[in-house]
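Shown next, in structure tokens, is the structure this report addresses.
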Amino acid sequence: MKNITCQQLLNIETISDAFKNNKIPLSEKIISCFYSCYQSLFIKWAKIMYGHYSPDVIAFAANDSFTDGVLKLQEAASRGKLYQSNASVKTVLFHYCRYKLLAQLKDEERLAGKNKKLALFLSGQTMYSTETENEMQEKRHELIMRALEKMTAEDRQIIQWRHIEEKTPDEIAALLAIKVPSATNRIYRCMERLRKLVEEMDER
């Protein structure tokens with residue numbers, strides 16, 4: 001394992017086999033290769049493509065989106081649904097990362113819009129908005145809360161750090177005193193357990 005290079009690991013077949021068959025040491029090595037080979041390249045690409053955003057905003061969003069893209073690729077590979085074509089691993093990974101980045105940038109725009117509305121409200125102008133209840137979202141939320149109750153305290157803590165407190169894998173790794181690839185793997189496994197519990201409850 002120690003003598004295997006990133007160049008040897010970063011191919012669709014090896015990645016699919018590692019994640020689908022839950023080969024943890026190999027999976028963590030692959031994730032480490034993703035970060036060492038592609039993270040800075042993706043951030044650089046994002047700054048060029050979305051230069052109309054401030055450098056700090058795009059750097060933060062791209063870094064976070066890269067992690068989400070790695071998790072998405074890992075999820076697809078573990079289910080045997082990794083994008084199959086002649087495309088390189090970099091192309092496939094960047095496809096997932098770009099999708100996440102666009103979603104984050106849209107969130108930034110929505111947040112900016114909310115801040116403008118808040119500023120108008122605080123300045124004394126009246127604003128009205130209508131909200132419609134979404135029964136499916138409420139049901140989903142209830143299922144997630146019930147599923148979380150069935151998970152271990154450690155799993156709930158990791159999910160809270162990542163998705164409530166929005167800590168990065170680097171921060172979670174520091175809190176758990178483990179390496180970043182291991183933390184990324186832990187986050188993924190927690191979310192997989194949560195997803196399966198929600199699906200089981202939804203089928204009842």
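Laboratory data are not the source of any read-out in this text; all were calculated from the coordinates shown. Not measured: the values here are computed from a predicted model.
In this structure, the pairs whose alpha-carbon distance is over 22 Å, taken from Lys72/Lys167; Lys150/Lys196; Lys81/Lys106; Lys72/Lys150, are Lys81/Lys106; Lys72/Lys150.
What the Cα atoms of the stretch 135-203 give is an Rg and a Dmax of 12.8, 41 Å. Candidate cross-link partners of Lys20 among the aspartates and glutamates, defined by an alpha-carbon separation under 15 Å and a same-chain spacing of 8 or more, comprise Glu28, Glu75, Glu192.
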